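Structure, as structure tokens:
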Amino acid sequence: MCEGEVMLRRGLGAIERQLDRDKFVRIHRSTIINIAHAGTLMRDDLGRLKLRLRGRTEWLFVSKPFERTFKGL
């Protein structure tokens, strides 16, 4: 299992086009996640959707344009 962060020379859009759309989703203009690692999803007091990945403690905010990914959950 890989862990950590990496630096990329290509734009995130180019990388996103190469990923399996059933496994990876964009949640913010600068963030793509592996949906299999999604854990807790909730709204904060201001109504912003936030997500915590399994095994992680930090919250990732889901931008309004990408909330549609989680409709019906």
- Once phi for every residue in segment 38-53 is put through the Karplus expression 6.51 cos²θ - 1.76 cosθ + 1.60 (θ = phi - 60°), the whole-Hz ³J(HN,Hα) values, with Gly and Pro written as x, are 5, x, 7, 10, 7, 9, 8, 5, 8, x, 7, 7, 9, 9, 10, 6
- Note on the structure: The percentage of the accessible area of the chain (probe 1.4 Å, all protein chains present) made up of carbon and sulfur atoms, to the nearest whole number, is 51 percent
- Task: Determine the sum of side-chain charges near Arg26: Lys and Arg each +1, Asp and Glu each -1, restricted to other residues whose C-beta is under 12 angstrom from that of Arg26.
- Result: +2
- Query: Which whole-number value in Å² is the accessible area per residue of the chain, probe 1.4 Å?
  - Reply: 83 Å²
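The values are calculated or read from the model by the stated rules, or taken from the named source; none is laboratory data. Model, not experiment: these values are computed from the prediction. As a convention, Cβ positions derive from the backbone with ideal geometry for all residues, glycine included, and neighbour counts pool all protein chains shown. These accessible areas exclude ligands, DNA and RNA; they are computed on the full protein's heavy atoms, side chains included. Shrake-Rupley method; radii C 1.70, N 1.55, O 1.52, S 1.80 Å.
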